[in-house]
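*Asks:* Structure below; questions to follow.
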Amino acid sequence: MKKNLFTIVSGIALMSLVLAFGSCKSGASATGSKVVDIVTPCSDDDFHTDKNYFRATGIGTSADLSTSKRKAKLDANANLAQSVNQTIKNVSDRYTNERQFNDQSEFEEKFEQLTRNVVNQELNNVATVCTKTQMIDGRYTSYVAVEVAKDELLNNISNQLSKDKKLQMDYDKMKYEDIFNEEMKKMEDSRP
């Protein structure tokens with residue numbers, strides 16, 4: 001009987017020890033599957049839009065190194081263009097809605113066209129701020145982060161507006177910049 005009791009107690013102690021060590025296993029989920037955090041290069045907090053810069057990232061994969069880099073750059077530029085265009089549209093809509101002009105619709109149309117032209121020019125002067133490439137199973141995966149300065153964009157919009165006499169009369173630079181800065185702050189604050 002003592003031998004059976006010892007065996008039972010030993011078995012329970014061994015089982016407890018196994019369970020204790022098994023539950024301390026890092027990266028294990030409740031289902032027993034291993035959880036792996038994916039770290040994507042060029043995508044940490046330094047590479048997100050903030051109050052001073054529009055930023056975007058892109059990823060490209062190919063069996064050819066230069067093609068993977070080109071795909072990543074195209075993806076990053078497309079993401080940047082989308083972000084800038086959406087912000088400029090929001091700012092322009094708010095700006096034109098908050099102001100009263102002699103001919104509201106004409107001002108809105110000219111203003112949108114002008115800002116769109118400036119944005120397109122600016123997106124040709126994008127700075128690459130991060131590039132990384134990994135080779136996985138014989139394929140290259142490239143990561144790119146790009147940026148354009150908010151102040152540069154604002155200055156170019158103001159410069160273009162000052163060249164148009166009719167728009168210049170109705171343009172309030174400080175009001176436009178205030179709205180622009182509010183939109184940039186919203187983007188920065190909405191980031192997870």
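The values are calculated or read from the model by the stated rules, or taken from the named source; none is laboratory data. All values reported here derive from a predicted model rather than from experimental measurement. Note that we place each Cβ from the backbone using ideal geometry, even for glycine, and neighbour counts take in every protein chain shown.
*Asks:* Any residue at all in segment 103-117 that's polar (S, T, N, Q), surrounded by 14 or more Cβ atoms within 10 Å (Cβ to Cβ), modelled with pLDDT under 80 and more than 28 Å from residue 48 (Cβ to Cβ)?
*Replies:* No, there is no match, as no residue in segment 103-117 is polar (S, T, N, Q), surrounded by 14 or more Cβ atoms within 10 Å (Cβ to Cβ), modelled with pLDDT under 80 and more than 28 Å from residue 48 (Cβ to Cβ).
*Asks:* To continue, here is another question. Which condition number does residue 167 fail, the rest of (1) in contact with a Leu (Cβ under 6 Å, 6 or more places away or on another chain); (2) closer than 25 Å to residue 58 by Cβ; (3) not polar (S, T, N, Q) being met?
*Replies:* Failed condition: (2).
*Asks:* If you take just the helices (runs of 4 or more DSSP H) that sit entirely in segment 100-191, which of them hold at least 3 residues that are under 27 Å from the mean Cα position of the chain (by Cα) and not polar (S, T, N, Q)?
*Replies:* The helices (runs of 4 or more DSSP H) meeting that bar are 104-122, 150-163, 173-189.
*Asks:* Moving on. Quick check on my filter: what residues within segment 87-102 are out of contact with any helix residue (DSSP H, G or I) (no Cβ under 6 Å at 6 or more places or on another chain) and surrounded by 13 or more Cβ atoms within 10 Å (Cβ to Cβ)?
*Replies:* Hits for segment 87-102 are 89, 93, 99.
*Asks:* Sticking with this structure for a sec: Can you list residue pairs whose Cβ atoms sit under 9 Å apart, with the first residue in segment 56-79 being within 14 Å of residue 127 (Cα to Cα) and touching a residue at least 12 places away in the same chain (Cβ under 8 Å) and the second being assigned to a helix (DSSP H, G or I) and among the aromatic types (Phe, Trp, Tyr)? Count only pairs 6 or more apart in sequence or on different chains.
*Replies:* Filtered contacts from segment 56-79: 56/47; 57/47.
*Asks:* Ok, one more. Go over the candidates 57, 61 one by one and state the one that is at pLDDT 90 or above and surrounded by fewer than 16 Cβ atoms within 10 Å (Cβ to Cβ).
*Replies:* 61
*Asks:* What are the pairs, 6+ residues apart or on separate chains, where a residue within segment 31-48 that is closer than 13 Å to residue 147 by Cβ has its Cβ under 8 Å from a residue that is modelled with pLDDT under 75?
*Replies:* 48/191
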